[in-house]
Amino acid sequence: MRRYLVAGNWKMNSTLESARALAKALSSRFTQDETGFEVLVCPPYPYLVPVGEILRDSAVGLGAQNCYFEPPGAFTGEVAVPMLKDVGCRYVILGHSERRHVLGETDQLINKKVRAALEGELAVILCVGELLSERASGMTDRVLDTQMAGGLAGVVDAHLEHLVIAYEPVWAIGTGMTASTEQAQAAHAHLRKWLTDRYNAHVASRMRILYGGSVKGDNAEALLRQPDVDGALVGGASLKPETFLPIVEAAARLTRT
Ligand code: PGA
């Protein structure tokens, strides 16, 4: 069965002090490996090391919010996959809507990063999602298909074990406008069907598909109950223990045994 993954995307937030405090609160709550679900935090680059040190003996994993596709070398300002592995990252978030729409990342660039991370044995959370205008004009499925095909071009079956998809409707991110459970389930089922068609039913049935976009303690359980929702990618609510823990606890309650 697919294990729930609840991932906190801290984005460009926190200070060294608040990052440490949040890591301490989470590491003391999740002290040993919970077999039924997985918790992950993705702090900004400068805080990966201090946060990773605090999380080392806990069940909370460490992830990064971006990476570059080239091996270490002359790429001023970029961070390579082996560096993230070196400081203890298990995951990297790629294709996030803020990187697509604010930083201008294309499916081609995202694909290079996805392949470099997977080839470097760093698990990828690949984000896909439509704009409000695309949903309004009935384009949601087409946008998802394009982003999946672009992001996963050339990705072979052998690497899929380390891939997680996150469905994040752009209009729901940071807006408080969560997708309805029906909208989320429909998009997740569509993505799973895409995986069946592009790869096979076995791959599709094992792939975790997270929902992201204004997930909070009071809507997490209903979303996580959807048959094709396998976890949450949480932005704003992941910045404080009192807002993040209820989401993780919803996953713990629902953990499928
Ligand atoms: P949000 O962000 O929870 O603040 O809507 C989600 C995300 O961008 O991953």
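The values are calculated or read from the model by the stated rules, or taken from the named source; none is laboratory data. None of the values given here were measured: they were computed from a predicted structure. When we count neighbours, we look across all protein chains shown, and the Cβ atoms used for this are built from the backbone with ideal geometry, even at glycine.
Looking only at residues of segment 84-100 that are among the hydrophobic types (A, V, I, L, M, F, W, C) and over 13 Å from V164 (Cβ atoms), we find that the one that is farthest from the ligand (Cβ to nearest atom) is V87. Just one of the listed residues (L48, L62) is more than 16 Å from the ligand (Cβ to nearest atom), in a helix (DSSP H, G or I), within 27 Å of T31 (Cβ to Cβ) and not charged (D, E, K, R), namely L48. In segment 209-243, the qualifying residues are those that are under 17 Å from V41 (Cα atoms) and basic (K, R), and the one that is surrounded by the most Cβ atoms within 10 Å (Cβ to Cβ) is K216.
The single residue among A237, A251, A189 that is in contact with a Ser or Thr (Cβ under 9 Å, 6 or more places away or on another chain) and among the aliphatic types (A, V, I, L, M) turns out to be A237.
Whether any residue in segment 92-108 is over 19 Å from V234 (Cβ atoms), in a loop (DSSP other than H, G, I, E, B) and touching a helix residue (DSSP H, G or I) at 6+ places or on another chain (Cβ under 7 Å) is what I want to check. Checked segment 92-108: at least one residue is over 19 Å from V234 (Cβ atoms), in a loop (DSSP other than H, G, I, E, B) and touching a helix residue (DSSP H, G or I) at 6+ places or on another chain (Cβ under 7 Å). Just one of the listed residues (A158, A201) is exposed (fewer than 15 other Cβ atoms within 10 Å of the Cβ), more than 16 Å from the ligand (Cβ to nearest atom) and modelled with pLDDT of 95 or more, namely A201.
Residues checked against (1) free of Cβ contacts under 8 Å to residues at least 60 places away in the same chain; (2) more than 23 Å from V215 (Cα to Cα); (3) among the charged types (D, E, K, R); (4) outside any loop (DSSP other than H, G, I, E, B):
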{"site": "R2", "(1), (2), (3), (4)": "no, no, yes, no"}
{"site": "A7", "(1), (2), (3), (4)": "no, no, no, yes"}
{"site": "S14", "(1), (2), (3), (4)": "no, no, no, no"}
{"site": "E17", "(1), (2), (3), (4)": "yes, yes, yes, yes"}
{"site": "A21", "(1), (2), (3), (4)": "yes, no, no, yes"}
{"site": "K24", "(1), (2), (3), (4)": "yes, no, yes, yes"}
{"site": "S27", "(1), (2), (3), (4)": "yes, no, no, yes"}
{"site": "I54", "(1), (2), (3), (4)": "yes, yes, no, yes"}
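Taken over segment 231-257, the criterion of being assigned to a loop (DSSP other than H, G, I, E, B) and at pLDDT below 95 is satisfied by T255, R256, T257. Checking S58 against (1) of a type in the set (S, T, N, Q); (2) over 18 Å from S238 (Cα atoms); (3) crowded, with 18+ Cβ neighbours inside 10 Å, only one condition comes out false. Which one? Status for S58: all satisfied but (2).
Could you please let me know if V87 is surrounded by 19 or more Cβ atoms within 10 Å (Cβ to Cβ) and of a type in the set (A, V, I, L, M)? Considered against the rule, which asks whether it is surrounded by 19 or more Cβ atoms within 10 Å (Cβ to Cβ) and of a type in the set (A, V, I, L, M), V87 comes out as no. Scanning segment 1-57 for residues being farther than 30 Å from V203 by Cα and of a type in the set (D, E) gives a total of 3. Of all residues in segment 186-205, those that are closer than 12 Å to L160 by Cα have Cβ atoms under 7 Å from Cβ atoms of residues that are among the small types (G, A, S) and part of a helix (DSSP H, G or I), 6 or more apart or on another chain, in L195/A204.
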